[in-house]
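Have a look at the structure below before the remarks.
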Amino acid sequence: MKTQVKPVSPEAIAEAAQLIRSGELVGMPTETVYGLGANALDETAVKKIFEAKGRPGDNPLIVHVSSLSEIPPLVREIPENAKKLMEAFWPGPMTLILPKSDRIPSAVSAGLDTVGIRLPASDAARALIAASGCPIAAPSANRSGRPSPTTAQHVFEDMDGRIPLIIDGGACKVGLESTVVDMTGDVPRILRPGGITAEMIAKVAGAVEIDSAV
Ligand code: AMP
Ligand code: MG
């Protein structure tokens with residue numbers, strides 16, 4: 001497979017969206033790091049992500065949406081404190097873990113009963129999701145064990161020959177992974193530190209816990 005790299009343009013976004021709809025993978029810019037995107041509702045497409053990355057199947061993927069209205073079908077409930085955090089920090093570098101609905105294939109959640117959801121700040125990422133007409137599951141676009149890519153060139157180095165298209169949106173603004181916050185308990189719990197700090201979350205939600213694994 002020949003891997004093309006195209007700068008962000010309406011034509012490139014349309015081509016990438018067509019690939020996503022047809023079950024292919026696309027390297028996509030976000031404000032955190034570059035993602036390796038697939039239709040989150042297509043189990044066969046999602047499995048290609050694990051193959052291309054060499055990622056163990058027990059490591060769940062984050063599902064990206066382009067607007068709040070796309071979330072209700074993907075989850076069983078949105079707790080009040082999750083709504084507050086969404087309002088405060090989205091679009092942006094924060095992933096919320098919520099109870100998943102049946103629409104999310106178990107390959108995405110690695111068999112868990114929950115799913116990580118994020119509304120990215122990157123205009124190119126949101127444009128691609130909206131044009132695809134489906135949520136996009138996207139881990140960092142590196143081969144497993146390699147650093148997360150913050151430029152399209154980094155993605156090309158890891159994914160050349162493995163995916164058809166990389167959208168080049170320039171260097172990532174944040175350059176650091178999203179903060180992962182588990183919203184399934186009474187108090188938000190940080191599972192992975194990132195751009196949004198514990199203090200920022202506590203200010204909005206009233207309290208925060210930090211997982212012992214952090
Ligand atoms: P990556 O996309 O490579 O940055 O990896 C996504 C990370 O988000 C995973 O390695 C987990 O740490 C976290 N994550 C995603 N979904 C879940 C979930 N349902 N429960 C707990 N953690 C999750
Ligand atoms: Mg990663």
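Estimated translational diffusion coefficient (Stokes-Einstein, Kirkwood radius over Cα pairs, 37 °C, 0.692 mPa s) of region 1-107: 213 µm² per second.
Neighbours of residue 189, meaning other residues whose beta-carbon lies under 10 angstrom from its beta-carbon, give a summed charge of -4 when Lys and Arg score +1 and Asp and Glu score -1. For residue 202, the shell of other residues with beta-carbons less than 15 Å away shows a net charge of -2, using +1 for Lys and Arg and -1 for Asp and Glu. Stretching residue 191 away from residue 176 to a fully extended chain increases their span by 3.9 nm, per 0.36 nm per residue minus the current alpha-carbon distance. Working ranking of peptides 123-135, 185-197 by packing, defined as the average number of other Cβ atoms within 10 Å per residue, highest first, is 123-135, 185-197. Per-residue 3J(HN,Hα) values for region 157-165, derived from phi via the Karplus relation 6.51 cos²θ - 1.76 cosθ + 1.60 with θ = phi - 60°, read 4, 8, 10, 3, x, 9, 9, x, 8 Hz in sequence order (x marks Gly and Pro). Remark on residue 209: its backbone amide H falls under 5 Å from those of 189, 190, a criterion applied only to residues 5 or more positions apart or on other chains, H modelled at 1.01 Å from N. Based on Cα atoms of region 58-107, Rg over Rh with Rh as the Kirkwood radius reads 0.94.
The value of relative contact order for the chain, using C-alpha pairs under 8 Å at least six residues apart, is 31 percent.
Net charge of the neighbourhood of residue 120, taken over other residues with C-beta under 11 Å away and scored Lys/Arg +1, Asp/Glu -1, is +1.
The Kirkwood hydrodynamic radius of region 36-75, based on inverse pair distances between different Cα atoms, is 11.3 Å. Panel note: the C-alpha atoms of the chain, placed on their principal axes, show extents of 49, 33, 32 Å (largest first). Sorted fewest first by neighbouring Cβ atoms within 10 angstrom, 66, 106, 9 come out as 9, 106, 66. Amide H to amide H distances under 5 Å link residue 95 with 179, 180, 181, where only residues 5 or more positions off or on other chains count and H is placed in the peptide plane. Ordering 43-50, 199-206, 149-156 by mean Cβ neighbour count within 10 Å, with the highest value first, yields 149-156, 43-50, 199-206.
Rule-based calculations on the coordinates, nothing more; no lab input. Since we're looking at a predicted model, the values are computed, not measured. When we count neighbours, we look across all protein chains shown, and the Cβ atoms used for this are built from the backbone with ideal geometry, even at glycine.
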